[in-house]
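Undergrad: First the structure, then my questions, so here it is.
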Amino acid sequence: MGLWSFMKDSGKKLFGGDDAPDADALKKEVADLGLDAEGVDIEVEGDKVKVNAAGVTQSMKEKIILAVGNVAGVATVEAEVEDEAVFHTVEKGDTLSAIALKTMGSANKYHAIFEANKPMLSHPDKIYPGQVLRIPQEA
């Protein structure tokens, strides 16, 4: 079981509130992003979210973890993953190129990070401090 930390005060605000969203709001966020959440169970305990995504690909599990974790009010996400997921928390001044250089050894691999984080990212320049991004290991 993996546990990932997120910046509780950063991220997308659902319904304009600062409190942790409920499970239904998080399920709606996942669905609104167009992620395949068939058979995914989401539970919320305060600012901690548990994701049970049995029968979903590793890549989709990681995207669902990020989709719910990058919501304001969520501090941690717990989920079972087969392989160790690699995430990066965006810092002030970061660009996808800089993150690619730091995590993948080449700034030119920024597009792989962008693709790995679709649909949560709509443009390579639209990242913000505190946002957590998935770093693909197959690129």
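Undergrad: Does the stretch 111-130 contain any residue that is buried (at least 16 other Cβ atoms within 10 Å of the Cβ), hydrophobic (A, V, I, L, M, F, W, C) and more than 22 Å from Gly34 (Cβ to Cβ)?
TA: no
Undergrad: Shifting gears a bit: For the stretch 39-59, which residues satisfy the criterion of being under 19 Å from Asn117 (Cα atoms) and open to solvent by 70 Å² or more (accessible area, probe 1.4 Å)?
TA: Thr57
Undergrad: Assuming Leu3 fulfils every condition listed in (1) open to solvent by 30 Å² or more (accessible area, probe 1.4 Å); (2) within 18 Å of Phe114 (Cα to Cα); (3) not acidic (Asp, Glu); (4) not in a loop (DSSP other than H, G, I, E, B) apart from one, which condition is it?
TA: Exception for Leu3: condition (2).
Undergrad: Restricting attention to the stretch 60-73, report how many residues are open to solvent by 10 Å² or more (accessible area, probe 1.4 Å) and under 8 Å from the mean Cα position of the chain (by Cα).
TA: Filtering the stretch 60-73 down to residues open to solvent by 10 Å² or more (accessible area, probe 1.4 Å) leaves 60-63, 70.
Those still in the list that are under 8 Å from the mean Cα position of the chain (by Cα) too: 62-63, 70.
Of the residues in that region, 3 qualify.
Undergrad: Across the stretch 83-93, what is the number of residues that are open to solvent by less than 30 Å² (accessible area, probe 1.4 Å) and out of contact with any Leu (no Cβ under 6 Å at 6 or more places or on another chain)?
TA: Qualifying residue count for the region: 2.
Undergrad: Determine if the stretch 78-98 includes at least one residue that is modelled with pLDDT of 90 or more and in contact with a His (Cβ under 9 Å, 6 or more places away or on another chain).
TA: Taking every residue of the stretch 78-98 in turn, at least one turns out to be modelled with pLDDT of 90 or more and in contact with a His (Cβ under 9 Å, 6 or more places away or on another chain).
The values are calculated or read from the model by the stated rules, or taken from the named source; none is laboratory data. In this text, all values refer to a predicted model and were calculated from it rather than measured experimentally. Cβ coordinates were reconstructed from backbone atoms using ideal geometry, including for glycine residues, and neighbour counts include every protein chain displayed. All accessible areas refer to the heavy atoms of the entire protein, side chains included, with ligands and DNA or RNA removed. Shrake-Rupley method; radii C 1.70, N 1.55, O 1.52, S 1.80 Å.
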